[in-house]
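Here's the structure we're looking at; comments come further down.
Bear in mind that the values in this text are calculations on the coordinates, not laboratory data. Quick caveat, the model's predicted, so the values are computed rather than measured. Cβ placement follows ideal geometry from the backbone for every residue including glycine, while neighbour counts extend to all protein chains displayed.
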Amino acid sequence: MKKVFELDFRGRKLVVEHGELAKQATGAVLVRYGDTVVLSTVVVSKNANILSDFFPLMVLYQEKLYSVGKIPGGFIKREGRPTENATLAARMIDRPMRPLFPENFRNEVQVVNTILSVDQDNSPEMTALFGSSLATSISKIPFDGPIAAVKVGRVNGEFIINPTKEQSEISDIDLTVAGTKEAINMVESSAAEVAEEDMLEALMFGHEAIKELIEFEEQIISEIGEEKMEYEVLDIPETLKQEIREYAGEKLNQAFHIKDKLESYAAIDQIKEETISKYETMDLEENELKELLTKVKLVLEEIEYEIFRNIVVKEKVRADGRAMDEIRPLSTDIDLLPRTHGSALFTRGQTQSLSVVTLGALGEHQILDGLTIEDEKRFMLHYNFPQFSVGETGRYGAPGRREVGHGALGEKALLRVIPSEEEFPYTIRVVSEILESNGSSSQASICAGCMALMAAGVPIKAPVAGIAMGLITDHDDYTILTDIQGMEDHLGDMDFKVAGTRNGICALQMDIKIKGITKEILKEALEQAKKARMQILDVIQEQIKEPRTEVSKYAPKTMTFMIDPNKIKDVIGRGGEMITKIILEASHVNAVTDINAVKVDLEDDGRVIIYHSDQEIIDTTASMIQDVVREVEDGKVYTGKVVKVEDFGCFVELWPGCEGLVHVSHLSKERVEKASDVVKVGDEIVVKSLGFDKRGRLNLSRKEAMK
């Protein structure tokens with residue numbers, strides 16, 4: 001039986017429908033937020049793989065282009081691989097939900113959000129997150145929710161919950177915050193160099209709105225929520241735990257105190273292998289032995305977790321001996337690659353990013369085929385994480401969710417300082433190649449990317465640096481760590497990334513493995529991150545203080561000028577004939593696809609942007625385009641070339657694309673029988689414009705010009 005629940009949320013109607021659609025799913029709700037409609041479903045497998053070492057959760061965000069009245073591009077004309085936005089939206093839902101499932105739960109769970117209708121003023125991502133939480137909470141699946149999320153903007157100093165598209169365009173904060181009723185547990189933000197105290201205020205403002213949504217969810221759960229299922233767990237005897245602790249505990253403790261990452265990891269792995277091999281020789285059935293070895297591995301993980309916490313929180317010592325707020329050694333370099341448009345290397349401890357900048361014509365922007373109004377992107381940051389960066393073998397292929405997410409975070413941080421199209425008419429691509437990794441390679445990408453942009457001559461507004469903060473809790477005690485490395489990320493409770501300029505924050509991302517964190521912890525982490533950011537900016541600006549005034553000699557030079565928008569069609573010509581002719585003649589090439597061909601962008605507002613590494617070719621191209629759009633002035637005298645001679649007169653080209661007729665009666669002061677008696681093809685003659693006749697033909701006079 002269909003049930004409908006309604007909430008007036010900050011002036012907009014939020015409607016939940018249950019019991020009509022997707023009734024075979026474990027949990028399903030249809031959520032309407034304005035005209036945005038999302039079907040959120042969740043399904044749990046009947047059986048658990050209790051010998052697995054991870055919880056198999058899959059979150060999908062399925063963009064349907066019919067939701068915005070679009071037909072997919074390309075030849076296939078149907079939705080295929082998820083767009084970057086869909087991948088990021090799925091990650092954003094996964095991140096706050098995952099920590100709230102029981103740690104020992106091993107039944108596979110799939111959360112699927114199908115985007116059915118999109119109103120650009122009402123975020124489908126926020127709607128899908130709300131629906132995912134609610135569908136899971138009303139189902140039999142054990143889940144320590146509900147959760148909710150909102151977007152926070154700031155316009156004219158006033159915070160706004162879930163800003164409209166128009167408000168978002170003028171907002172200096174684009175913050176997504178998720179959490180439970182008690183605390184925040186996920187943050188994603190970009191900002192226009194916003195102060196730490198303002199960002200903290202925005203986070204708390206968002207959490208107050210989240211509480212309203214959770215209260216609405218709780219009302220629905222109390223009415224239609226199911227009793228939670230019993231699930232199979234792996235029971236580990238205390239005697240086995242004690243036995244393993246006595247054998248491996250002290251050895252692991254010593255291995256954790258080794259400062260070098262690879263040496264420490266190798267020692268830990270060796271101790272674990274020795275411990276496991278001790279039980280591998282036991283005379284048991286195959287299934288019994290497999291179960292026992294799984295238990296041994298889980299106990300070893302538990303011991304690792306406890307030792308790490310004790311070292312950091314109780315001993316106040318980090319694995320590599322640093323102070324809690326100390327950054328690892330930093331080094332920088334630029335111009336490593338002679339033929340690229342800009343390159344930089346940033347190394348922090350055992351994390352290293354080589355970032356490379358490429359400048360292209362505006363026409364080389366990325367075309368977006370998604371649910372948003374935006375259909376193109378001129379600034380891109382792509383992140384690559386090869387397996388050799390951590391000394392391992394592994395899969396190579398298309399970027400995974402993690403790589404897409406890290407690239408998007410770096411892009412957010414640097415986008416706020418990228419010059420406008422008018423200031424710098426280029427498409428800009430930054431690629432971060434992670435060559436070595438031991439914690440926070442995404443922030444290293446921001447630092448290296450910033451230096452590469454300055455080295456490439458991109459006039460960024462200010463240098464940007466990023467740092468990753470960590471949190472280790474032990475009951476009520478906690479420690480915040482600056483510049484976390486791999487082990488501190490893996491065994492810690494928080495990964496809190498902050499990037500910005502000297503003036504403020506440009507990007508923020510937080511993921512936690514506990515239920516949430518308090519305002520006090522957030523405040524302390526932001527202040528500690530600011531101190532670290534300033535230290536990194538000092539190192540960056542010691543290497544390159546500001547953007548170079550010129551782009552690389554291998555980068556395309558550019559010229560921009562305006563023409564009458566109505567003349568664009570003349571520059572293009574029938575079937576592109578005129579613009580093709582201009583490109584071929586100016587570049588001295590045989591095909592417009594030639595790598596040496598000049599590039600010309602014609603914008604709807606009449607802007608002409610020309611790109612080439614040779615300034616002379618740019619000047620020639622500009623002159624040819626200006627000739628096409630030039631207009632003949634009545635009564636003005638011009639020098640032109642005779643291009644065709646007939647008995648009744650001759651045709652004279654004033655400039656390419658502009659020809660007029662000199663009638664035989666206007667060739668000379670004296671009577672002329674045939675035009676060929678006076679002129680021949682190739683002659684340069686002086687003529688005066690007599691204007692256009694009713695048929696649009698230009699009439700010229702040599703006789704009048706001679707006066």
Notebook entry, point to check: Among I224, I170, G321, whose Cα sits farthest toward the positive end of the charge dipole of the chain (+1 at Cβ of Lys/Arg, -1 at Cβ of Asp/Glu, about the Cα centre)?
Noted result: I170
Notebook entry, point to check: Restricting the count to DSSP beta bridges whose residues both fall in the range 3-224, what percent are antiparallel, rounded to a multiple of 5?
Noted result: 85 percent
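How compact is the range 203-312 by the rule of thumb for globular proteins, expressed as Cα Rg over 2.2 N^0.38 Å?
Working: Rg = 21.4 Å, N = 110, 2.2 N^0.38 = 13.1 Å.
So the Cα radius of gyration is 1.63 times the expected 2.2 N^0.38 Å.
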Next item on the list: In whole angstrom, note down how far apart the Cα centers of the range 268-310 and the range 648-702 are.
Entry: 97 Å
Notebook entry, point to check: Which is farthest toward the positive dipole end of the range 557-629 among S613, M559, T593, measuring Cα position about the Cα centre, with Cβ charges +1 (Lys, Arg) and -1 (Asp, Glu)?
Noted result: T593
Next item on the list: Note down the net charge around S353, summing +1 for each Lys or Arg and -1 for each Asp or Glu among other residues with Cβ under 12 Å from its Cβ.
Entry: -2
Margin query: Compute the angle between helix 577-587 and the longest alpha-carbon principal axis of the chain, please, reported from 0 to 90 degrees and rounded to the nearest 10.
Written below: 80 degrees
Item checked: the range 34-77-the range 598-621 distance, computed between alpha-carbon centres (Å) -> 44 Å
Margin query: I'd like to know how the chain sits against the 2.2 N^0.38 Å rule of thumb: what's its Cα Rg over that expected value?
Written below: 1.25
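Using DSSP to call loops (not H, G, I, E or B), can you name the trypsin sites (Lys or Arg not before Pro) in the range 193-277 whose Cβ has at most 14 other Cβ atoms within 10 angstrom? Walk me through the intermediate numbers first.
On the way: sites: K211, K228, K241, R245, K251, K259, K261, K272; in loops: K228, K259.
Loop-located and lightly packed - K228, K259.
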Next item on the list: Give me the lysines in straight-line cross-link reach of K181: C-alpha distance below 27 Å, same-chain residues under 8 apart excluded.
Entry: K3, K13, K140, K151, K211, K228, K497, K513, K515, K519, K523
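Could you rank the peptides 189-200, 503-514, 276-287, 166-177 by their average count of other C-beta atoms within 10 Å per residue, with the highest value first? Provide the component values of the computation, followed by the final result.
Working: 189-200: 19.5, 503-514: 22.3, 276-287: 10.8, 166-177: 17.8.
Result, highest mean Cβ count within 10 Å first: 503-514, 189-200, 166-177, 276-287.
Please list, by residue number, every one of the chymotrypsin sites (Phe, Trp or Tyr not before Pro) in the range 69-174 that is coil in DSSP and has at most 14 other beta-carbon atoms within 10 Å. Intermediate values should be presented prior to the final figure.
Values: sites: F75, F105, F130, F143, F159; in loops: F75, F105, F143.
For chymotrypsin sites (Phe, Trp or Tyr not before Pro) across the range 69-174 that sit outside H, G, I, E and B with at most 14 neighbouring Cβ atoms in 10 Å, the list reads F75.
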Margin query: Explain nothing, just compute: Karplus ³J(HN,Hα) = 6.51 cos²θ - 1.76 cosθ + 1.60, θ = phi - 60°, for every residue of the range 35-45 in order, whole Hz, x for Gly and Pro.
Written below: 9, 7, 10, 10, 9, 10, 10, 9, 9, 10, 6
Next item on the list: Specify the inter-centroid distance of the range 519-572 and the range 81-114, based on alpha-carbon positions, in whole Å.
Entry: 34 Å
Next item on the list: Determine which lysines satisfy two conditions relative to K557: a Cα distance under 22 Å, and not lying fewer than 8 residues away in the same chain.
Entry: K377, K461, K581, K599
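Taking the range 493-629 on its own, what percent of its Cα-Cα pair distances exceed 17 Å?
Numbers: 6566 of 9316 pairs.
Across the range 493-629, Cα pairs with separations above 17 Å total 70 percent.
Counting other C-beta atoms within 10 Å, and keeping those with at most 16, which DSSP coil GluC sites (Glu not before Pro) do you find in the range 1-98? Don't skip to the end; give the middle numbers.
Numbers: sites: E6, E17, E20, E63, E79, E84; in loops: E20, E79.
In loop regions of the range 1-98 (DSSP not H, G, I, E or B), the sparsely surrounded GluC sites (Glu not before Pro) are E20, E79.
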Notebook entry, point to check: For the range 238-314, what's the relative contact order in percent, using C-alpha pairs closer than 8 Å and at least 6 residues apart?
Noted result: 38 percent
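Counting only C-alpha contacts under 8 Å and six or more residues apart, can you give the relative contact order of the chain as a whole percent? Could the numbers behind the result be given before it?
On the way: 1477 pairs, mean separation 68.3, N = 707.
Averaging sequence separation for qualifying contacts and normalising by length gives 10 percent for the chain.
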Next item on the list: Express the relative contact order of the range 555-707 as a whole percentage, based on alpha carbon pairs under 8 Å and six or more residues apart in sequence.
Entry: 18 percent
Note to self: Taking the alpha-carbon distance from K165 and a cut-off under 13 Å, which aspartates and glutamates remain once sequence neighbours fewer than 8 residues away in the same chain are dropped?
What the structure shows: D119, D121, D174, E374
